[in-house]
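Novice: I'd like to ask you about the structure that follows.
The values are calculated or read from the model by the stated rules, or taken from the named source; none is laboratory data. Note that this is a predicted model, so its numbers are computed, not measured. Neighbour counts are summed over all protein chains in view; Cβ atoms, including those assigned to glycine, are modelled from backbone coordinates with ideal geometry. Side chains are part of the model used for accessible areas, which takes the heavy atoms of the whole protein and leaves out ligands, DNA and RNA. Shrake-Rupley method; radii C 1.70, N 1.55, O 1.52, S 1.80 Å.
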Amino acid sequence: MQRNIKDIVRTMTLEEKASLCSGLDFWHTKSVDRVGIPSIMMTDGPHGMRKATEETGDLGLNASVPATCFPSGVGLAASWNRELIENVGRALGREAQAENVGILLGPAVNIKRSPLCGRNFEYFSEDPYLTGEIAKHHIRGIQSEGVGTSIKHFAANNQEKLRMTINAVVDERPLREIYLAGFETAVRESQPWTVMCAYNRLNGVYCAENEWLLTTVLKKEWGHTGIVVTDWGACNDRVAGLAAGQELEMPGNGGITDVDIVRAVKSGQLDVTILDRAVERLLDVTFRAIDGHRPDVKFDATAHHRIARDTAAECMVLLKNEDGALPLARKGTVAFIGEFARTPRYQGGGSSHMNPTRIDSAVEEAQALIGSGGSISFAPGYTLENSAPEPALIAEAVKVAKSADAAVVFIGLTDQFESEGFDRSHMEIPASHTALLDAILAVQSHVVVVLSNGSPIEMPWVSRPGAILESYLGGQAWGGAVADILFGVTSPSGKLAETFPERIQDNPSYLSFPGDGRNVEYREGVFVGYRYYDKKLFKPLFPFGHGLSYAEFQYSDLKLSSSRIKDSDELGVTVRITNIGKVEGKEIVQLYVEDIESTVIRPVRELKGFQKIGLKPGESKQVSFTLSKRSFAYWDQPTSGWRVESGEFHISIGSSSRDIRCTGSVTVESSFRVDTHFDLNSTLMDVSRHPAGAQFAEQVRKGFMAHLGAGSLDPVGALMFEAMVNEMPLRNIVRMGGGQISSETMQGLIAQLNGG
């Protein structure tokens, strides 16, 4: 329906306009019936709609309307499958349509700075490129159904500890390269209807009233056309927030802060045009939701459960598989050990915890899959409520495992170990799980471990089982997906979207997470996750991008469209992948870029492209990538922009960040021109880097060293002396040069270099 939003705003009273800037209640926006403005509903929904009802109360925790529970964010990212993610988004959008929900609150795209963050299960990755791509397609899928999204939590919300008040202290370079980049890709390329600002402060200013973040970056630089909504309870100063670019405060507060807005406008503290602009954006989103609603929409719960099963299988990561431990034979007896096999942990705790339409157990699904040819025996081994070992349960499990042909041990993290609201203090799994695994390994030679957890764990036992399958929090169809992987119906194809360190002390944020209670300093800078481990030459337990398959893939014929480009050009990259194994499978081909020599410290390599392809045995496909300026650039803080330095870059193609199969080289010519101001404190090296000063600098260097007798030094002494001269300020060249270079000559050179 065509409407003139500006005309509507002009007919509204000041009080009516102010009222739209906060919620009606926990989930609804306010209406203004007099001018035809309706209310719309928002609800949590990163991996499944959590719609509360009057019966379930405001929060609706654990008692919301039944909906399909898909794998949580950590699992979705491990699929590395754009098409799959978009398909999940469409299913989420359709279910929201069926329940007349206008906006789903998700996806959650904060970077995994530390494995200890309690909400990591909901976030995608430690890498901003992968995060942005997954988020972009997640949003496109949902919004294609006429339902809005709310990408969150903007920004630097990377811990649960004191998240409502903590001040995240982050330099602009890591902010731009790591913590904002995923948001940027999603906003620029998929335009989420809303952006949810975080609770925390960013460099001293609450995100909900941070004008640089909400207006300068989000609206002006990235061109966001929707609205900014606060995280629930994140508003600090309502008037300051509105002025900074925060349109909607949630949840409703009975109109308390609406009065603040009216008072600020009447007193002249707040320009009414700022309020009008906010209301216009609010109405645009509101009417998009109203016009996009299709009351006849229903969803097929069985079909969506099938999507959830297929999705979960693609999200699982085979970390280890030795001596053909997997897939399991569909005959004989397989012992399923661990309560998770019967009572799965399929989602995380907190605001995303929703009510699934059904739940599949691994025990039942595995038995149904293998049929009468084999049998699944079961023993719980532990209880979900108690983390201490229970000898009687372990003894029973040992008996069951000992008499089976193989044992699958289901362990991981319980709800008490990770959830929204608190961070973990360590990376250990419950003692009951460790004791159970030790006992089974002592009596059974064919052991497979299936992990259910939302973030990395320590594995001091990693060398002992034959196979380890990371199933993450796989949603309501997890049980069937696990059975499909274990018995070879599906070849595993997920890869880690995060590094698994051997121990928490190896993590780059270890010494500064979660801060001192007032501030948390991001001292590791851009070296988050694999960027740190690669630079420090630390061997992680499992590297970023790692994941095995039942198939085997060969990489060949890497080709670059050019050996030399300008930074304004695009570079085409192709590589051929062949399935040389015996079964059909999918491979995730990863492209990394490395700056061989840089004047700033940069990671060894950074992910800048990926493709997931399916191949039958013997089949071969060519995979293509296109790289742009941003693929080679870093954020240059002095000039506040993306900069490429001229020089050689390696293009590496691999199966993980540590498994590089092919490498090519390209020389990039930068369009960036350094606007350097020279003075007497500039060094000789500074001058030598300027085209007009290189020859002069070389002459001065030789003359100065000759004057001081450097020619009589031994090779080591000469090398030391030359290094000192290179870093000597120009004032000392004049003063110590024995009159070879006069002050007037030096001042003339400086004026020439400065364009004078």
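Novice: Could you work out the helix-only [θ] at 222 nm for the chain, with each DSSP H run of four or more residues adding -39,500 (n - 2.57) and the total divided by the number of residues, to the nearest 500 deg cm²/dmol?
Specialist: Result for the chain, helices only: -8500 deg cm²/dmol.
Novice: Quote to one decimal, in nm, the extra length available between D33 and E322 on full extension: 0.36 nm per residue of separation minus the C-alpha distance between them.
Specialist: That pair, D33 and E322, stretches by 97.4 nm at full extension.
Novice: Rg and Dmax of the stretch 469-577, Cα atoms, in Å?
Specialist: When restricted to Cα atoms, the stretch 469-577 yields Rg and Dmax of 19.7, 53 Å.
Novice: So, with +1 on the Cβ of K and R and -1 on the Cβ of D and E, and no other charges, what is the size of the charge dipole of the stretch 246-339 about its Cα centre, to the nearest 20 debye?
Specialist: 420
Novice: So, one more: Between G48, N81, I166, whose Cα lies farthest towards the positive end of the dipole of the stretch 47-167 when Lys and Arg beta carbons carry +1 and Asp and Glu beta carbons carry -1, centred on the Cα centre?
Specialist: I166
Novice: Another question, if that's okay. Around A497, under 9 Å between beta carbons, what's the net of Lys plus Arg minus Asp minus Glu among the other residues?
Specialist: Counting the neighbours of A497, the net charge comes to -1.
Novice: Grab the other residues whose beta carbon is less than 10 angstrom from that of R188, score K and R as +1, D and E as -1, and report the net.
Specialist: Neighbour charge sum, excluding R188 itself: -2.
Novice: Once you list every other residue whose beta carbon is under 14 Å from the beta carbon of V583, what net charge do they have if Lys and Arg are +1 and Asp and Glu are -1?
Specialist: Overall, the nearby charge balance is -2.
Novice: Distance between the C-alpha centers of the stretch 131-192 and the stretch 330-390? Whole Å please.
Specialist: Computed from Cα coordinates, the inter-centre distance equals 34 Å.
Novice: Okay, moving on. Considering only DSSP beta bridges with both partners in the chain, what is the antiparallel share in %, to the nearest 5?
Specialist: 55
Novice: Per-residue counts of other Cβ atoms within 10 Å, averaged by peptide: what ranking do you get for 485-496, 412-423, highest first?
Specialist: 485-496, 412-423
Novice: Let me ask something additional. D415 to N754: extension gain in nm, 0.36 nm per residue of separation minus the Cα-Cα distance?
Specialist: That pair, D415 and N754, stretches by 115.8 nm at full extension.
Novice: Computed over the Cα atoms of the stretch 337-384, what is the ratio Rg over Rh, Rh following Kirkwood?
Specialist: Ratio value, two decimals: 1.06.
Novice: Mind jotting down the three principal axis lengths of the stretch 629-703 based on Cα atoms? Whole angstrom, largest first.
Specialist: 52, 31, 20
Novice: Highest mean first, how do 718-729, 146-157 rank when packing is the count of other Cβ atoms within 10 Å averaged over residues?
Specialist: 146-157, 718-729
Novice: Sorted by average packing, counted as other Cβ atoms within 10 angstrom per residue and highest first, what order do 286-297, 598-609, 5-16 take?
Specialist: So the peptides 286-297, 598-609, 5-16, ranked by packing, come out 598-609, 286-297, 5-16.
Novice: Distance check, please: which entries in K152/K298; K298/K608; K331/K399; K402/K616 exceed 30 angstrom between their Cα atoms?
Specialist: Result: K298/K608; K402/K616 exceed 30 Å.
Novice: Roughly how many Å² is the accessible area per residue of the chain, as a whole number, for a 1.4 Å probe?
Specialist: Ligands and nucleic acids excluded, the figure is 38 Å² per residue.
Novice: Magnitude of the Cβ-charge dipole of the chain, K/R +1 and D/E -1, about the Cα centre, nearest 20 debye?
Specialist: Result for the chain is approximately 960 debye, rounded to the nearest 20.
Novice: Hey, rough spin-label estimate for S403 and R735, points 7 angstrom out along Cα→Cβ, what's it come to in nanometres?
Specialist: Label at S403, label at R735, 9.0 nm between them.
Novice: Under a point spin-label approximation (7 Å from Cα along Cα-to-Cβ), what is the Q269-E364 distance to one decimal in nm?
Specialist: Those two pseudo-labels are separated by 5.8 nm.
Novice: Rounded to a whole number, what is D in µm²/s for the stretch 556-662 from Stokes-Einstein with the Kirkwood radius over alpha-carbon pairs (4 °C, 1.567 mPa s)?
Specialist: Taking Rh from Cα pairs, D becomes 86 µm²/s.
Novice: Okay, moving on. I'd like the carbon and sulfur percentage of the solvent accessible area for the chain, probe radius 1.4 Å, heavy atoms only, ligands and nucleic acids excluded.
Specialist: Result for the chain: 49 percent of the exposed heavy-atom area is carbon or sulfur.
Novice: Given the chain, report the % of alpha carbon pairs whose separation exceeds 35 Å.
Specialist: Above the 35 Å cut-off, the chain has 52 percent of its Cα pairs.
Novice: Based on alpha-carbon positions alone, could you give the equivalent ellipsoid semi-axes of the stretch 348-420 from the gyration tensor, as √(5λ), descending, whole Å?
Specialist: Computed over the stretch 348-420, the values are 26, 20, 8 Å.
Novice: Give me the aspartates and glutamates in straight-line cross-link reach of K559: C-alpha distance below 20 Å, same-chain residues under 8 apart excluded.
Specialist: Correct list for K559: D567, D569, E570, E587, E594, D595, E606, E619, E648, D659, E669.
Novice: For D686, what accessible surface area do you get with a 1.4 Å probe? Give it in Å², rounded to 10.
Specialist: The accessible area of D686 comes to roughly 60 Å².
Novice: Describe numerically, in nm with one decimal, the distance between label points set 7 Å from Cα along Cα→Cβ at E15 and at H426.
Specialist: 6.0
Novice: Could you tell me which of the pairs K112/K220; K161/K535; K112/K535; K495/K586 are separated by over 21 angstrom between their Cα atoms in the structure shown?
Specialist: K112/K220; K161/K535
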